[in-house]
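Here's the structure, in structure tokens; my notes come after.
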Amino acid sequence: MNLDGETNLKRKQSLDATVGLSEEHSLHSFKAFIQCEDPNEKLYSFLGTLYYSEQQYPLSPQQILLRGSKLRNTNFIYGAVIFTGHETKVMQNATEPPSKRSSVERRMDKIVYLLFAILLFIASFGSIYFGIKTKAELNAGSYAWYLRPDQSSIFFDPNRASFAAFCHFLTSLMLYVCLVPISLYISIEMVKVLQSTFINQDRHMYCEESDKPARARTSNLNEDLGQVHTVLSDKTGTLTCNSMEFIKCSIAGVAYGDSLTELEISYGGIEEASGYNVHKDSTESKKSVKGFNFTDGRLMNGEWAKECSRDAIEMFFRVLAVCHTTIPVTKKKSIEISYEAESPDEGALVTAAREFGFEFFHRTQTAISVHEYDPVLGRKVDRTYKVLNILEFSSARKRMSVILKTEEGRLFLFCKGADSVILERLSKDNEKPCLTNTKRHIEEYSEAGLRTLALAYRELAEEEYATWNKEYSSAKNSIHTNHDAAVEKASEDIEKDLVLLGATAVEDRLQKGVPDCIHKLAQAGIKIWILTGDKLETAVNIGYSCNLLRKEMETFFVTLDNSGSNTPEGCSQEGSRMAPYEQIDRKLQDARRQSSLKGTSTPFALIIDGSALTYALTGSLKDSFLDLAVDCASVLCCRMSPKQKALITRLVKTKTNKTTLAIGDGANDVGMLQEADIGVGISGAEGMQAVMASDFAIAQFHFLERLLLVHGHWCYRRIAAMICYFFFKNITFGFTLFWFEAHAMFSAQPGYNDWFISFYNVAFTSLPVIALGVFNKDVSSGVCLEVPSLHQDGVNNIFFSWSRILSWMLNGLCCSIIIFFGALNAVLIQAVRQDGRVAGFDILGVTMYTCVVWTVNCQLALYISYFTWIQHVVIWGSILIWYTFLIIYGSFPAMISTTAYHVFWEACASSPLYWLSTLVIVITALLPFFLYKITCSLFYPQDHERVQRTNSKSW
């Protein structure tokens, strides 16, 4: 099904009453009435009833095909359309994707507002001055005869000075509009698209196994990658492979399975740690089976028939073989059966049953067929079980049950689910040693980082089942608002007094490179949160194996003492009779007190489960919890619901006011990805919904290291430098116009030719700034990975702080003063032309413009850390383009080229003064920045400068 983004199999089937309608002619006489709920956005529920042949048949999601579904295991279907158009669930779920903008862009907007305010100020200042001077022309003492105010136009009419000042204000707005960098937004978009292309084509982030490269699904957030302060990660499928392997089990209180888990391999000494003996499989070299990594000679190859608890083992394997919704698939030209399951866990359990001798091979709507090993006959026999009811798994129920009728006519309920749910539904007649041992084994499996499920069964009487089925059918047929509650109550009525069979342990191995990646991110100062639905013990041990939790860390546990979970050592057991709110408050206060006493020298880790988190996020506890959590280097949240994941992400983003990144791979991570400043989706086994909701997509978690530390660092520095430089060059150019205006008594006479002004940001300075944003590189990718602390430059926003922005703007202001007054005093009163005529404002304008073009381009050459041939071409080429344009444009007729007519050939090119003035003015304008940069680098070097100097030879 594509609507929810998941590619796993979803079993759909028709009603038993309509299964015979498989031909077109049989549908001609088919008449039925469907009553169902109103259109809604819920993908996983549907309430309806089919009235057919004077009978009522409940409709469930199993009978509903959503738009976007793809058929498997069948060629075609016949169906009735229930909802169309905007009533379909895809349209009901259609929402506007969240609009995300980087923090750099948001600050850039404020700077543009500042520049616009400066534009209004200088335009207003000049207009007021102009109005005052114009009105003064009425006085005889200040009469400017050459302006002829007595015969002037409305733009210089002393009798209408206010209107003349207003017209001057509008002219000034157009004249100084270059101060507002409108073209900056276009340049940034171009740069970001090219940066995204580099991310997409990075071979170091290409996964050969899945043939999936990294993908930047948006270009808006490239620079935010270099400012990430907190990473919030899912566990299953994100840190782990989501490729489940059956590795251990406990049956009738006896532990089986000798294979080492990843955590046990990393720590070693399984025999001493586990407490049970190792029984090697007699077959040393066996065929590798996907989803099955179990070795124990006591159960393999039919040896389980010799065990004391043979009946319990047989029933255990039978539950594995029939309690599921898996579909068997036989490939062409092959007798081997593979399974398509709704989850990797379920597929691993069915595969395990097959390897133990209980091979599920056929399913119909009403029956399941299994090749079972009969210990009496010593061979496999075929058995078919009639499926009466399936009580499906849900995140709320945390269990699944199936009611079957055997060939002998006996009724059984088989149930599997979370141990906390199954254990509370057991019969009081369960053997205490078996129950105690199974609980202990489940704890050991969890401590080894394994995912556990408990298995139980119950034999039903015909009368009890008939009574219950009537109640259950009535609940399923109801269409009222309490439908789900009625179905759940009916399910609980039958799922009780269970007999415990044992527990399974499935391993989800860590992805390649995850521990190293998390260690490197921690070295970069990035705080890492893991938000998982697993139980606390499993999550804690995965945390240690992936380097999220380290031995040198001080660990705080915040759990409800009476929540049924086993609190690890170090968690206070006091106050078990206190109210939950008070318990959490006390533990948070104790943790805050300890962290204050030990200071910042000790790294802290916070571990909290979902039930405790429910209270921690309410009332006054929310601030206390967040204050503690944001001070911790690592945070581990267990038993989390998707809604809690999104809520935590929103609160962390708001509390820290720093850039947050969420990474996940499943549908339950979508809310978290959308809430975070940056959402990274992993295209894994759980489908593509997380990827579709993400801003960046990678194939494996360890690619996040390069995405943040390399591409994030480069993109942040490039964009920050590009924006600062853009403001510098616009202020340098714009204020030369202002100084000329002031010199000309604010007469609105532009200092440059109109086409000079138009082409400044288009032709003479555009390419260098784009090259800066795309190709500049302060250090190589290897240095970025070797020195992850460079990432803190982005977190602390060193390169785009207000002080840095204002310093660039001040540099532009100084350059404009040097250029204008230098050109004014060097050229204006000199005999520049060959005939001896002194320079006019046309030659002055060309000289100033030449100095501006040289200054802003050479300023960029001084700033760039890493030159490529592209930078050389665009910087020196832009200067060459200016001279080429001046020659070509100046050769046009005087009506077109106006003040630029032959000015270069006749006046500037042949004048040594022009070239000498340009050289001296440009060097003088660049000198303050050069001296400042040298002084800071030699006497007050920052961390990135030290790293840059140390690793300069590695380029």
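Just checking, how many residues over the range 905-915 are farther than 15 Å from Phe820 by Cα and in a helix (DSSP H, G or I)?
Of the residues in that region, 7 qualify.
If I filter the range 499-509 for residues that are within 39 Å of the chain's Cα centre (by Cα) and open to solvent by 20 Å² or more (accessible area, probe 1.4 Å), do I get at least one hit?
Yes, the range 499-509 has at least one match.
Does Lys729 fit the bill of being under 30 Å from Gly126 (Cα atoms), assigned to a helix (DSSP H, G or I), open to solvent by less than 10 Å² (accessible area, probe 1.4 Å) and basic (Lys, Arg)?
Spelling it out, Lys729 is indeed under 30 Å from Gly126 (Cα atoms), assigned to a helix (DSSP H, G or I), open to solvent by less than 10 Å² (accessible area, probe 1.4 Å) and basic (Lys, Arg).
Specify which of the listed residues (Ser910, Ser917) is more than 56 Å from the chain's Cα centre (by Cα) and among the small types (Gly, Ala, Ser).
Residue meeting the stated conditions: Ser910.
Considering only residues of the range 404-436 that are under 42 Å from the mean Cα position of the chain (by Cα) and either open to solvent by 40 Å² or more (accessible area, probe 1.4 Å) or basic (Lys, Arg) (or both), which is farthest from Leu460 (Cα to Cα)?
Out of the qualifying residues, it is Ser420.
Those residues that are surrounded by fewer than 16 Cβ atoms within 10 Å (Cβ to Cβ) and either under 29 Å from the mean Cα position of the chain (by Cα) or assigned to a loop (DSSP other than H, G, I, E, B) (or both), I need them from the range 101-118; list them, please.
Arg101, Arg106, Asp109, Lys110
Failed condition for Phe76, given (1) without any contact (Cβ under 8 Å) to a residue 12 or more places away in the chain; (2) closer than 24 Å to Glu488 by Cβ; (3) not acidic (Asp, Glu), with all others met?
(2)
Cβ contacts < 7 Å: first residue free of Cβ contacts under 8 Å to residues at least 12 places away in the same chain, restricted to the range 160-180; second residue exposed (fewer than 14 other Cβ atoms within 10 Å of the Cβ) and part of a helix (DSSP H, G or I), any location; separation 6+ or different chain. Result?
Note: pairs meeting the criteria are Arg160/Ile154; Phe163/Ile154.
When the residues of the range 177-213 are narrowed to those that are part of a helix (DSSP H, G or I) and of a type in the set (Val, Ile, Thr), which ends up nearest to the chain's Cα centre (by Cα)?
Per the stated criteria, the residue is Ile199.
Condition (residue is farther than 20 Å from Thr325 by Cβ, open to solvent by 90 Å² or more (accessible area, probe 1.4 Å) and under 32 Å from the mean Cα position of the chain (by Cα)) applied to the range 66-73: is it met by at least one residue?
yes
Quick check on the range 807-817. Is at least one of its residues within 24 Å of Ala524 (Cα to Cα) and open to solvent by 50 Å² or more (accessible area, probe 1.4 Å)?
No, there is no match, as no residue in the range 807-817 is within 24 Å of Ala524 (Cα to Cα) and open to solvent by 50 Å² or more (accessible area, probe 1.4 Å).
Condition (residue is outside any helix (DSSP H, G or I), closer than 30 Å to Arg717 by Cα and in contact (Cβ under 8 Å) with a residue 40 or more places away in the chain) applied to the range 866-885: is it met by at least one residue?
yes
Filter the range 519-559 down to the residues that are touching a Phe, Trp or Tyr at 6+ places or on another chain (Cβ under 7 Å) and open to solvent by less than 40 Å² (accessible area, probe 1.4 Å) and list them by number.
The answer is Met553, Phe556.
Quick one: count up the residues across the range 249-272 that are among the aromatic types (Phe, Trp, Tyr) and at pLDDT below 70.
Within the range 249-272, residues that are among the aromatic types (Phe, Trp, Tyr) and at pLDDT below 70 number 1.
Based on this model, can you work out whether Asp516 counts as under 30 Å from Leu239 (Cα atoms), surrounded by fewer than 19 Cβ atoms within 10 Å (Cβ to Cβ), of a type in the set (Asp, Glu) and touching a residue at least 40 places away in the same chain (Cβ under 8 Å)?
It is true that Asp516 is under 30 Å from Leu239 (Cα atoms), surrounded by fewer than 19 Cβ atoms within 10 Å (Cβ to Cβ), of a type in the set (Asp, Glu) and touching a residue at least 40 places away in the same chain (Cβ under 8 Å).
Give the range 932-950 a look and list any residue that's surrounded by 13 or more Cβ atoms within 10 Å (Cβ to Cβ) and touching a residue at least 24 places away in the same chain (Cβ under 8 Å), or say none.
Within the range 932-950, Lys933, Asp943, His944, Val947, Gln948 qualify.
So which residues in the range 420-442 are basic (Lys, Arg) and modelled with pLDDT under 90?
Across the range 420-442, the qualifying residues are Lys428, Lys432.
Mind checking whether some residue in the range 824-833 is open to solvent by less than 10 Å² (accessible area, probe 1.4 Å) and part of a helix (DSSP H, G or I)?
Yes, the range 824-833 contains a residue that is open to solvent by less than 10 Å² (accessible area, probe 1.4 Å) and part of a helix (DSSP H, G or I).
Could you tell me which numbered condition Ile132 fails, if it satisfies all but one of (1) at pLDDT 70 or above; (2) under 51 Å from the mean Cα position of the chain (by Cα)?
Every listed condition holds for Ile132 apart from (2).
Step by step: first the residues of the range 214-238, then only those that are acidic (Asp, Glu) and over 15 Å from Gln700 (Cβ atoms), then the one that is nearest to the chain's Cα centre (by Cα). Which residue is that?
Here the residue is Asp224.
Going by the structure shown, is Tyr445 assigned to a helix (DSSP H, G or I) and modelled with pLDDT of 90 or more?
no
Of everything in the range 16-52, what is over 15 Å from Ala80 (Cα atoms), modelled with pLDDT of 85 or more and open to solvent by 40 Å² or more (accessible area, probe 1.4 Å)? Give them in sequence order.
Asp38, Pro39
Sort out which residues of the range 600-615 are open to solvent by less than 30 Å² (accessible area, probe 1.4 Å) and over 19 Å from Asp534 (Cα atoms), and write them in order of number.
Of everything in the range 600-615, just one residue is open to solvent by less than 30 Å² (accessible area, probe 1.4 Å) and over 19 Å from Asp534 (Cα atoms), namely Phe604.
Considering only the range 101-115, state which residues are more than 17 Å from Thr218 (Cα to Cα) and either in contact (Cβ under 8 Å) with a residue 24 or more places away in the chain or among the aliphatic types (A, V, I, L, M) (or both).
Arg107, Met108, Ile111, Val112, Leu114, Leu115
What is the residue count in the range 593-618 for residues that are hydroxyl-bearing (Ser, Thr, Tyr) and under 22 Å from Gly525 (Cβ atoms)?
5
When the residues of the range 738-763 are filtered to those that are hydrophobic (A, V, I, L, M, F, W, C) and under 23 Å from Ala894 (Cα atoms), which remaining residue is least open to solvent (accessible area, probe 1.4 Å)?
Among them, the one singled out is Phe756.
Within the range 634-654, how many residues turn out to be under 16 Å from the mean Cα position of the chain (by Cα) and open to solvent by less than 10 Å² (accessible area, probe 1.4 Å)?
Summing the residues that are under 16 Å from the mean Cα position of the chain (by Cα) and open to solvent by less than 10 Å² (accessible area, probe 1.4 Å) in the range 634-654 gives 4.
What pairs come out if I take residues in the range 890-917 that are within 17 Å of Tyr752 (Cβ to Cβ) and pair them with residues that are of a type in the set (A, V, I, L, M) and loosely packed, with under 13 Cβ neighbours inside 10 Å whose C-beta lies under 7 Å away, six or more apart or interchain?
As it stands, the answer is Tyr901/Ala894, since those pairs meet every condition given.
Every residue in the range 611-632 that is within 22 Å of the chain's Cα centre (by Cα) and under 18 Å from Lys235 (Cβ atoms), please.
Ala629, Cys632
The values are calculated or read from the model by the stated rules, or taken from the named source; none is laboratory data. Bear in mind that the values here come from a model prediction, so they are computed numbers and not experimental data. Reconstructed Cβ throughout: ideal geometry from the backbone, glycine too, with neighbour counts over all protein chains shown. Surface accessibility is based on the protein's heavy atoms, side chains included, excluding ligands, DNA and RNA. Shrake-Rupley method; radii C 1.70, N 1.55, O 1.52, S 1.80 Å.
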